[in-house]
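Some notes on the structure that comes next.
The values are calculated or read from the model by the stated rules, or taken from the named source; none is laboratory data. Remember, predicted model here, so these are calculated numbers, not experimental data. Neighbour counts are summed over all protein chains in view; Cβ atoms, including those assigned to glycine, are modelled from backbone coordinates with ideal geometry. When the accessible area is computed, the model is the full protein with side chains, heavy atoms only, and any ligands, DNA or RNA have been set aside. Shrake-Rupley method; radii C 1.70, N 1.55, O 1.52, S 1.80 Å.
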2 protein chains.
Amino acid sequence: MASAANPVSIDRSIVERIVRQVALEYLGRDESGASNDRSSSLGHDSKGKEPELVVQTSSRHMHVCREDMDVLFGPGTELTFDRPLFQEGNFAAKETVTIVGPRSRIISNLRILGPMRKQSQVELAFTDAIMLGFNDLPVRLSGNIKGTPGAVIIGPKGVVELKEGVIRAAIHAHMNPQEAAHFGVKQGDMMKLRVGGPSGVTFNNVHVRIDPTSRLNVHMDTDEANACGLHLTKEVELFK
Amino acid sequence: MASAANPVSIDRSIVERIVRQVALEYLGRDESGASNDRSSSLGHDSKGKEPELVVQTSSRHMHVCREDMDVLFGPGTELTFDRPLFQEGNFAAKETVTIVGPRSRIISNLRILGPMRKQSQVELAFTDAIMLGFNDLPVRLSGNIKGTPGAVIIGPKGVVELKEGVIRAAIHAHMNPQEAAHFGVKQGDMMKLRVGGPSGVTFNNVHVRIDPTSRLNVHMDTDEANACGLHLTKEVELFK
């Protein structure tokens, strides 16, 4: 640093670049909110046709409300569609932000997923959370953010201080009522997801989320995917 | 970068510092080879006294052979004791190295664990591995490194090009013969480890390693610990 003409600005830009590289590339995937798909029709003695199970990894991401969008990207701006996610109507936006955690550490290129929501929310893996200084981030279902920590969010047009909304998303299974009937589960039930392979793991608390527009789909975060080596196996089984 | 007098050297030193910060601090722990202890005597209908179960997180680390120690730290040098690990005779050394992966990305401050071994070996979590460019790192028991990838290791006195030895360590349980008898398992068997709490997980392939000098102790890596939120629960149960 001693030879730099302007150490502060160099440091900031390089920090941001390196943190982005490290923080995104150790995940070995792009910056979207979902990747590492694994699908399987392994399963159970079927009641009728076995629904196909798609298991996906959600990288850390943010959902924004209208008010925060105005501050971060400018009044009246809209999210720009980048690519569709598996659940109908959801998409990865081109927009990204920077999150500043309690230790003044940052993660840049935090992808925003659309559409906009009533409340802003940031979903992090524990690996991300601990790096940022959230040492006991609450594990919550999306939308249930009361009493969770906040963070400073930096967009190209402004800065928002979230009062709450930073969570680790609990592993969950989206499904429609027909798929729920197949498994014999109802809204709020817990199921188990077994992932095979050399690092075989059973996730014991998979929350059931039922919606008529949903397609059967388990979402886990990057820690969970790396623990079970989801990228190395196709053997997945969801059961009650 | 434009204003820096010597962009290359500034970049290198900052890269190293930032990668170290990120790569170590997202784990929220120090640089030792083991942390995040969880112990429990929960368990089974006992045959005699229930052995206390200690579950620990192994951060990424390296084991070195005599020959590589000579190159990395100088001929005839010995590892310097920093602190004891749970298994008798094992210790975190003061010595650290830098590993360079296939993508020319690096992790600095990779802790060496002692004592020295016959073969050098690097144990990474998938999060580390993918960041470095090892996209399908083999999951192996320690010591079983035939056919695994290598890496460049940089020490203060020299550089070693490992031909093989980079692995993800399979989750495993150390125990002595009496503890093995208690569980009714033998060398090479698999057990299961259930971790409770909101991110409850059962690890289905916990390798049994029996040695007269061992104390009952499950080792998992940082991905596994972050997936199950090991730092947030005391509910752990090992069973056949």
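Observations
- Qualifying residues in the stretch B:203-218 (those that are open to solvent by less than 10 Å² (accessible area, probe 1.4 Å) and within 13 Å of chain A (Cβ to nearest Cβ)) - the one nearest to the chain's Cα centre (by Cα): B:VAL206
- From the options B:HIS182, B:HIS172, residue that is open to solvent by less than 60 Å² (accessible area, probe 1.4 Å), within 20 Å of B:ARG117 (Cα to Cα) and of a type outside the set (A, V, I, L, M): B:HIS172
- Some residue of the stretch A:70-81 being at pLDDT 50 or above, in a strand (DSSP E or B), within 14 Å of another protein chain (Cβ to nearest Cβ) and under 19 Å from the mean Cα position of the chain (by Cα): no
- Enumeration of residues in the stretch A:115-135 that are within 16 Å of A:VAL160 (Cβ to Cβ) and surrounded by fewer than 24 Cβ atoms within 10 Å (Cβ to Cβ): A:MET116, A:ARG117, A:LYS118, A:GLN119
- All positions within the stretch B:82-127 that are within 27 Å of B:VAL218 (Cβ to Cβ), within 14 Å of chain A (Cβ to nearest Cβ) and among the hydrophobic types (A, V, I, L, M, F, W, C): B:ILE99, B:ILE107, B:LEU124, B:ALA125, B:PHE126
- Failed item in (1) of a type in the set (S, T, N, Q); (2) under 24 Å from A:ASN90 (Cα atoms); (3) open to solvent by less than 40 Å² (accessible area, probe 1.4 Å), with A:SER199 passing the rest: (2)
- Yes/no for B:ASP221 being at the interface with chain A (Cβ under 10 Å from one of its Cβ atoms), without any contact (Cβ under 8 Å) to a residue 40 or more places away in the chain and charged (D, E, K, R): no
- Flag for B:PHE81 being open to solvent by 40 Å² or more (accessible area, probe 1.4 Å) and either touching a Pro at 6+ places or on another chain (Cβ under 6 Å) or of a type outside the set (Gly, Ala, Ser) (or both): yes
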